[in-house]
1. With an 8 Å cut-off on Cα pairs and a minimum separation of 6 or more residues, tell me the relative contact order of segment B:90-232 in percent.
2. First select every other residue whose beta carbon is under 12 angstrom from the beta carbon of A:Gly51; then total the charges, Lys and Arg +1, Asp and Glu -1.
3. Using a cut-off of 14 Å between beta-carbons, work out the net charge of the residues near A:Thr72 (Lys and Arg +1, Asp and Glu -1, A:Thr72 not included).
4. Once amide H atoms are placed 1.01 Å from N in the peptide plane, what residues at a sequence separation of 5 or more from A:Leu188, or on another chain, have their amide H within under 5 Å of its amide H?
5. On average, how many beta carbons from a partner chain sit within 10 Å of the beta carbon of a residue in B:159-166?
6. For A:Leu327, A:Leu74, what's the fewest-to-most ordering of other Cβ within 10 Å of each Cβ?
7. State the number of lysine pairs found in segment B:1-156 whose Cα atoms come within less than 24 Å, restricting to pairs 8 or more positions apart or on distinct chains.
8. Per the helix-only calculation at 222 nm, which mean residue ellipticity applies to chain A, given -39500 (n - 2.57) for every DSSP H run of n ≥ 4 and division by its residues, nearest 500 deg cm²/dmol?
Amino acid sequence: MIRIEPREMPSKWWTIGIPIISAFVAILLASIPLTLAGANIFEAYRQMANGIFGSTFAFTEMLTRATPLIFTGLAATIAFRAKLWNIGAEGQLYLGAMAAVAVGTGLIDAPAFILIPIILLAGALSGAIGMAAPTYLKTRFGADEVVTTLLLNFIVIIFLQMMLEGPLKDPMGMGWPQSEPIVDNGVLPQLLPRMRIHAGLIIALLTAGLVHLFLSKSIWGFKIRAVGENPSAALHAGINVKRTFMGAAVVSGAIAGLAGVSEVAGLRGYLTTDLSPGFGYTGIVVAMLAGLSPIGVVISAIFIASIFVGADTMSRAIGVSSYLADLVVALSLICVLIGGFIARYKFIRTNKGNV
Amino acid sequence: MSDSRLERWHAVVLNKDMTTLSELLADDVEFHSPTVWKPKIGKDVTQYILQMIIDIFEDFEYQREWIDGNNFALEFSAKVDGKNIKYFSPKEMQSLGVGRIPEDRHHDGVISAMSVAENLIIERLHDKDVNNKGFLQNKSIKKNAEELIEKYDIRGPGIDANTALLSGGNIQKLILARVFECMPNVILANQPTRGLDLGAANEVARRLLEARTRGAGILLISEDLDEILELSDRIMVIHDGSLTEAIDVSREAIGLMMAGEKA
């Protein structure tokens, strides 16, 4: 028999080590479906590494892919710390992108150093409203935010389709449902010539640092952690639980909105309904993989972006499906969850009948 | 006729005119209150209670009146010490100087996934030494924690360790430290020694008596008769929704009252 007992204190090494080990285990486990697909495993992994580290372009592409994931991962982190289940980062991302397009395609004519902050602010505000609304319903009427935020994603996408067929439609777009391009002064500057990597990454890294400070050093962050860990003790201690939820919601939604701004004003230049291949949902995986640590989010976003970009290259080079990327990401999440369990408990072998 | 009685009543409240109050009350008057489950019967006790209320309550104001012949219903609002008397959120209790020792210390008392130092300041998040323009003052939080674990003998792996690692007795000491350091005027202590070992229970009793000596009012709710008899100045027994003062404070008499025997 094996008895399972909670560990007194999961050590620092475990909390850092578990995600790293899990990531490796997940990549190793991916060799099983790769073999089944008839690929040479070493060649497959070599192509994958090539797709990430093979050239400056490959590496910057990976970072470009990681940028929105850092934002959405941070959005999930803040909300989940308060045990506020924001599944709506995808919708908030599009709300942010829509706001960016609304103010950034000619409505305001200003130099870049004014216009870019305005666009960022508009996107953040729009995303914040997108999360504040379902959170208000939660605190006022007890509506389950998992359901409301998830379903709002679809509402936002359909709303976006309507806008792209109507007020936001580009008259020069040859009838395609896409917005006008962001004006030159509103575009986030590129970081390297002839590469797609843009200033959104810098903003994402800054945001990660700010979120870290916010959660660990500020009174608001303290309240968010307290409410997330034990809402009834937080209430007893005089913390306004509902207001704390609203605060976490506004910050979470704003950061998800910034993901949309960064994608539309940094990468695409104009808005379509396929701006995000599920960055909002992947952000949840990023946050969980990072153990809800804002600094960890940066690392896990880079890991997940690497898997996606690497798997793309691999599938092109050796002709296996790029869906393997989704498989590795899912496997690594499962590995982290199992690893977290192993880290938190100790397993003691006992003799039969000796319970 | 009826209106004049109402006017006289208002005069009593407004002018604190206690002789008129005595004239207004019938000999077999009953006093019901949402905070005293068992109605008080008789003129003397009712006069006593009403005098106290009229004396203590400030800004006594009638909000609504219903008049039906000889029957009146009056709705009032009032303040005590400048605060509305109706409902106190935990936050208001803190600002009024009401210290609270919760019944379920694991569920309501501490946040076990946060550190000892953090739990020690959780009720003081708006004090200047903790909160500097919205940011935690880690230096003084640490200093505060080190002082308090020394002063209240909170034993555990350290001030940065998760509170979950503390024993029940030490968690209770942590809560005591939090409550008593704020020098409360009123302390609500709900089952403060339940599940504690003798040493920790004695510590709780000592701190409560110390606060009483300092002049704090303490409402102790407990099922431990020895503790009640040892600590209390007045003892009330709750049975079946009614609250009765125990005149005879022997163990047997109180035990019988708890079982529903009328005093």
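Values in this text are rule-based calculations from the coordinates and carry no lab data. Please read all numbers here as calculations on a predicted model, not as lab measurements. Here the Cβ positions follow ideal geometry from the backbone for every residue, glycine too, while neighbour counts run over all protein chains shown.
1. 28
2. So the surrounding residues net to +1.
3. Summing Lys/Arg as +1 and Asp/Glu as -1 gives -1.
4. A:Gly266
5. 2
6. A:Leu327, A:Leu74
7. Taking the Cα cut-off of 24 Å, the pair count is 23.
8. Roughly -23000 deg cm²/dmol at 222 nm, from the helical runs in chain A.
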